[in-house]
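Participant: Before anything else, here's the structure in question.
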Amino acid sequence: MAIPALLHELLTAVGPSGAEEPAARVWRQGASSFAEVHGDTLGTSFARVGPATGPTLAVVGHIDEIGIAITHIDGDGLLSFSTLGGFDADVLAGQRITIAGRGGPVEGVVGVRRRSRSERAERSGMRREDLHLDIGASSAEDAGTRVAAGDVGVWHGHPLELPNGRIASRALDNRLGAYAALEAARRIAEAGESKVSVVAVASVQEEIGHDGASTAAFALEPDVALVLDVTWATDVPGESARRAGKVELGSGAAIVRGPVANRVVSDLLVQAAEEDAIPHTIEVYSGPTHTDADDVHRSRGGVPTGIVSIPIRYMHTPCELAVLDDLEAVIALVVAFASRLTSDTSFLR
């Protein structure tokens with residue numbers, strides 16, 4: 001199964017938290033042929049389909065990815081940097097980085113400070129301060145002609161099609177969710193039978209605090225929301241179904257049950273999946289989900305919110321891995337959920 005063209009374009013666009021514009025442009029262009037599209041000052045994008053009046057369903061997938069930001073240029077031309085989003089220093093070591101520089105993309109590599117034998121004996125793990133970025137500059141002046149403090153970058157991880165419908169790429173977290181929200185809206189618009197207004201939302205800055213989703217939910221005042229994200233697959237060493245349930249590649253849409261997820265919404269999602277024979281599994285959270293749903297569900301007077309995720313392996317690395325069938329299951333579930341909503345649907349508890 002080939003990667004859909006729009007998804008491939010989203011995966012190759014650079015868009016770390018706070019600098020999502022290239023990815024957002026791709027998303028908005030994809031939405032422009034079938035939806036009413038607009039954005040806000042944070043950079044979040046909206047695509048509305050269905051009737052202009054009546055209840056509103058917001059389908060939220062964050063479009064930002066993890067990345068780095070240059071903090072300082074040393075005298076020898078090496079760059080110090082901070083991270084945008086959370087990931088281990090070990091994952092960064094030796095990676096190739098593309099920086100959005102002054103005159104265009106600037107390529108570099110992440111170098112590792114040589115530690116003495118005694119330092120290695122004292123601690124086994126690598127720290128962020130052990131790393132620097134090398135763009136081949138001969139001096140600070142040379143580096144400064146190409147990059148500046150505050151410039152952002154992402155690691156290399158071009159989309160790769162693997163056997164059995166599996167794909168690997170950087171930024172599956174969460175271009176998959178942003179794509180699924182938009183593709184579900186497109187199918188709903190194409191069917192032309194929706195009784196509710198559906199707004200696909202490509203939110204920004206999720207990796208650093210859910211800011212885009214928070215302001216989007218406040219502005220939209222949706223009657224119900226679905227947050228689409230990725231989640232940890234349990235079918236790899238180090239993961240276990242005991243943590244939150246059995247969530248494997250190929251298990252379909254992962255439907256969250258827990259305090260953040262409105263029980264009525266979760267039950268309707270399961271019902272839709274069962275009635276339409278959509279592959280799905282259950283993921284359980286006993287507290288925050290660390291997704292946009294944490295902010296969406298408490299917006300204004302509260303928004304009944306569901307969370308549906310695509311299982312992936314190797315999250316927050318350049319080689320995140322997923323199955324396209326699971327992505328399709330999430331899209332189909334959103335469409336099935338929306339088809340069951342009417343102006344009389346109540347989410348009161």
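Participant: Could you pull out the residue among G39, G43, G75, G61 that is among the small types (G, A, S) and under 21 Å from R128 (Cβ atoms)?
Facilitator: Within the list G39, G43, G75, G61, the selection yields G75.
Participant: Related question: Report the residue count in segment 110-136 for those that are open to solvent by 20 Å² or more (accessible area, probe 1.4 Å), modelled with pLDDT of 75 or more and not basic (K, R).
Facilitator: 5
Participant: From A213, A189, grab the single residue that is assigned to a helix (DSSP H, G or I), crowded, with 24+ Cβ neighbours inside 10 Å and not basic (K, R).
Facilitator: Checking each option against the conditions leaves just A213.
Participant: Can you tell me how many residues within segment 203-230 are farther than 25 Å from T345 by Cβ, under 15 Å from the mean Cα position of the chain (by Cα) and touching a residue at least 12 places away in the same chain (Cβ under 8 Å)?
Facilitator: So the count comes out to 9.
Participant: Could you please give the count of residues in segment 216-227 that are open to solvent by less than 50 Å² (accessible area, probe 1.4 Å) and in a loop (DSSP other than H, G, I, E, B)?
Facilitator: Counting residues in segment 216-227 that are open to solvent by less than 50 Å² (accessible area, probe 1.4 Å) and in a loop (DSSP other than H, G, I, E, B) gives 1.
Participant: Please verify whether L7 is in a loop (DSSP other than H, G, I, E, B), in contact with a helix residue (DSSP H, G or I) (Cβ under 6 Å, 6 or more places away or on another chain) and under 29 Å from F87 (Cα atoms), treating the condition exactly as stated.
Facilitator: Taking the combined requirement at face value, the residue does not satisfy it.
Participant: Hey, another quick one. Please count how many residues of segment 228-257 are touching a strand residue (DSSP E or B) at 6+ places or on another chain (Cβ under 6 Å) and either at pLDDT 95 or above or buried (at least 21 other Cβ atoms within 10 Å of the Cβ) (or both).
Facilitator: 16
Participant: Look through G61, G103, G111 and report the one residue that is touching a Ser or Thr at 6+ places or on another chain (Cβ under 9 Å) and more than 18 Å from T12 (Cβ to Cβ).
Facilitator: Selected residue: G103, the only one of G61, G103, G111 that is touching a Ser or Thr at 6+ places or on another chain (Cβ under 9 Å) and more than 18 Å from T12 (Cβ to Cβ).
Participant: Name the residue that is surrounded by the most Cβ atoms within 10 Å (Cβ to Cβ), counting only residues in segment 57-109 that are within 27 Å of I310 (Cβ to Cβ) and of a type in the set (D, E).
Facilitator: D64
Participant: Give me the helices (runs of 4 or more DSSP H) completely within segment 253-340, filtered to those with at least 2 residues that are β-branched (V, I, T) and under 26 Å from T44 (Cα atoms), ordered by residue number.
Facilitator: 324-339
Participant: May I pose another question? With the checklist (1) over 22 Å from the mean Cα position of the chain (by Cα); (2) on the phi < 0 side of the Ramachandran plot in hand, flag the one item G50 doesn't pass.
Facilitator: Condition (2) is where G50 drops out.
Participant: Additional query: Go through segment 159-178 and report how many residues are basic (K, R), touching a helix residue (DSSP H, G or I) at 6+ places or on another chain (Cβ under 6 Å) and surrounded by fewer than 24 Cβ atoms within 10 Å (Cβ to Cβ).
Facilitator: Going through segment 159-178 one residue at a time, the tally reaches 0.
Participant: Can you spot a residue in segment 333-349 that is open to solvent by less than 30 Å² (accessible area, probe 1.4 Å) and either farther than 24 Å from H210 by Cβ or free of Cβ contacts under 8 Å to residues at least 60 places away in the same chain (or both)?
Facilitator: yes
Participant: For F46, are the conditions met, namely being touching a Gly at 6+ places or on another chain (Cβ under 9 Å) and aromatic (F, W, Y)?
Facilitator: Here the answer is yes, as F46 does meet what is asked.
Participant: Okay, next question. Within segment 192-206, track down each residue that is open to solvent by 10 Å² or more (accessible area, probe 1.4 Å) and either small (G, A, S) or at pLDDT below 95 (or both).
Facilitator: G192, E193, S194, K195
Participant: A further question follows. Could you give every pair whose Cβ atoms fall below 6 Å, whose first residue belongs to segment 16-45 and is open to solvent by 40 Å² or more (accessible area, probe 1.4 Å), and whose second residue is of a type outside the set (A, V, I, L, M, F, W, C) and in a helix (DSSP H, G or I), counting only separations of at least 6 or pairs across chains?
Facilitator: Matching pairs, first to second residue: F34/R186; V37/R28; L42/G212; L42/T215.
The values are calculated or read from the model by the stated rules, or taken from the named source; none is laboratory data. Computed from a predicted model, the values in this text were never measured in an experiment. So basically every Cβ, Gly included, is an ideal-geometry build from the backbone, and we count neighbours across all protein chains shown. Heavy atoms of the whole protein, side chains included, go into the accessibility calculation; ligands, DNA and RNA do not. Shrake-Rupley method; radii C 1.70, N 1.55, O 1.52, S 1.80 Å.
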